[in-house]
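Novice: This structure is in structure tokens; I'll ask about it shortly.
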Amino acid sequence: MESVSEKSAAAQSSGNPRALLVVPMWPAPSGNGVAMRAHLLLTALARDHRVDVWCIPVAGAQPGEPHRGAGITRGVVATLEVDPGWILASRAGAQTLRDLGRPAACRFVTHRAVAELRRAFGPFDYRCTVVYRSYLLPFAAAASADPAALGLRIVDLDDDEATTRRHLAGLAPAAAAADRHRLEAELFEGFESEHLPWAHHLLAAQEAHAGRIRRRWPDRPVDILPNAVHIPALLRQERPTTGEPRTLHLLFVGTLSYLPNRAAVTELASVITPRLRENGLKVRLRIIGRQPPPDIAELGQLDGVELVTDARDLGPHYAWTDQVVVPLRAGGGTRIKILEAFAHRVPVLATAMAADGLDVRDGRELLLAESAEELVAASRWLQRSPSVARDLAERAFHWVQRHHERALVAERLADRISRLASSPPPSQNR
């Protein structure tokens, strides 16, 4: 049987129909979770299509050159400029932003950006258009005067934007910041109510979010597209025990400018790691991520704490660690980094929020703990019980292999897109 990548290569050379993929971050097989999910969408589309990729990097540019792997026929990274109307509305206050009806992530929708897309990819004649994240809908909708030229229209809502903003409001350090997040939640709800009817089909990363989507838009079909990871060919080997006192190696991976991750690594470095050392245990913490703000960069100066930015290959870091610790108190979507740790056979300690959306059980695939004290106790228990840690990691590995292996998930999505594209879209869609 041909692999997804082999089918993709054939599709690019066979004159297959075109597809458009609109993403907020350039697709990449590893690294940032958003880039990895964009790569999953690309892999599925490229099996049967020649894919044009349009990236609107609303979260900032990725480090290095974009990954130009198999599956991309043409690719453009948009030149960002902020819409003057959004600037004026934001200065005028909350009510004017409500009247404008667009969350901050839409502030880059300009005539120049849309014209750039039309020049790069026109004339539009797509069998399928996939938009990753709802806030990019205005770009795709404005790209062609004829919606039929975009073919089957799919929107991937991997994150419940409004719910995530409300979580962030509870985590914000100041009242003004909390108010901004609550306003963004309100704006996203109104914006999605207006713009999601553009789509023929919706995707969600987890069942709870899919249920909320179905209740709000009962006429829109919704599929679950789970996040997926590559299963390494070379599996992690347990580090040998020496005669010296054992050092416990902890790892955290995530985008460090993201508020929930900032709070998590601060707690991990400033509270959890020092408490683990109270009984004489040697502990080293490695924090890996991009865009660390100054307060997070300073954590790398603490004793036994190492900060690694923009790591290209996470394999050696997973091989180094004994435990991945994810003390998230807010956020949305599902945690690709937990799946990645599972794939590398590393035991995971996490809060319930961190594991939200994953069909895993406490004590079987990972350990769940909420307070810093509970996380410390769970970490100590695993450190003293290597057979328990090994069994936990082994069960998690087989679970992620069955449910979240990238090639299998991409193949299922490619099959689904093929069936949807061969059926006439519902006439009520605009």
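The values are calculated or read from the model by the stated rules, or taken from the named source; none is laboratory data. Quick caveat: nothing in here was measured; it's all calculated off a predicted structure. Glycine gets a Cβ as well: all are built from the backbone with ideal geometry, and neighbour counts include every protein chain shown. With ligands, DNA and RNA removed, areas are computed over all heavy atoms of the protein, side chains included. Shrake-Rupley method; radii C 1.70, N 1.55, O 1.52, S 1.80 Å.
Novice: Select from the chain the helices, each a whole stretch of DSSP H, whose alpha-carbon atoms run 27 Å or more along the helix axis and whose Kyte-Doolittle mean is at least 1.6; answer none if there are none.
Specialist: Membrane-span-like by this criterion, though nothing is claimed about a membrane: none.
Novice: Which one, 331, 211, 75, has the greatest fluctuation when you compute a Gaussian network model over the chain with C-alpha springs under 10 angstrom?
Specialist: Checking each option, the largest mean-square fluctuation is seen for 211.
Novice: What do you get for Rg/Rh over the stretch 74-202 if you use C-alpha atoms and the Kirkwood form of Rh?
Specialist: Numbers: Rg = 15.8 Å, Rh = 15.8 Å.
Across the stretch 74-202, the Cα-based Rg/Rh ratio is 1.00.
Novice: Now a separate question. Using only Cα positions of the stretch 254-301, each an equal point scatterer, no hydration layer, compute I(q)/I(0) via Debye at q = 0.14, 0.16, 0.24, 0.30 Å⁻¹ and quote the log10 values to two decimals.
Specialist: -0.34, -0.43, -0.84, -1.14
Novice: Most fluctuating residue of 270, 30, 385 in a GNM of the chain with Cα springs under 10 Å: which is it?
Specialist: Result: 385 has the largest fluctuation of those listed.
Novice: Based on alpha-carbon centroids, what's the gap between the stretch 83-151 and the stretch 308-345 in Å, whole number please?
Specialist: 33
Novice: What is the Cα convex hull volume of the stretch 354-423 when expressed per residue in Å³?
Specialist: 94
Novice: Something else about it: Set the Förster radius R0 to 25 Å, insert the Cβ-Cβ distance between residue 175 and residue 374 as r into 1/(1 + (r/R0)^6), and round the FRET efficiency to 0.05.
Specialist: That pair, residue 175 with residue 374, gives E of 0.30.
Novice: Using the scaling law 2.2 N^0.38 Å as the reference, what is the normalised Cα Rg of the stretch 163-211?
Specialist: On the way: Rg = 13.3 Å, N = 49, 2.2 N^0.38 = 9.7 Å.
The stretch 163-211 yields a ratio of 1.37.
Novice: About its Cα centre, what dipole magnitude does the stretch 275-430 give when the only charges are +1 on Lys and Arg Cβ and -1 on Asp and Glu Cβ, stated in debye to the nearest 20? Numbers along the way, then the final one.
Specialist: Values: 23 positive and 21 negative charges, 80 e Å.
Once rounded to the nearest 20, the dipole reads 380 debye.
Novice: Right, here's the next one. Roughly how many Å² is the accessible area per residue of the stretch 321-367, as a whole number, for a 1.4 Å probe?
Specialist: For the stretch 321-367, the per-residue accessible area is 25 Å².
Novice: How large are Rg and Dmax for the chain when only the alpha carbon atoms are used, in Å?
Specialist: 22.2, 72
Novice: So for the chain, taking the charge dipole from beta-carbon charges (+1 Lys/Arg, -1 Asp/Glu), which of 88, 320, 421 sits furthest toward the positive end?
Specialist: 421
Novice: Separate question: Counting only other residues whose beta carbon sits under 11 Å from that of residue 58, what net charge do I get with K and R as +1, D and E as -1?
Specialist: +2
Novice: Nearest 20 debye, what's the magnitude of the dipole of the chain about its Cα centre given +1 on Lys and Arg Cβ and -1 on Asp and Glu Cβ?
Specialist: Computed charge dipole of the chain: roughly 360 debye.
Novice: Next up: Volume per residue, Å³, of the convex hull around the alpha-carbon atoms of the stretch 289-366?
Specialist: Details: hull volume 9.1 nm³, N = 78.
Normalising the Cα hull of the stretch 289-366 by residue number yields 116 Å³.
Novice: Where the accessible area of the chain is counted over protein heavy atoms with a 1.4 Å probe, how much of it, in %, is carbon and sulfur?
Specialist: Details: 9690 of 18370 Å².
Using a 1.4 Å probe with all protein chains present, the chain comes out at 53 percent carbon and sulfur.
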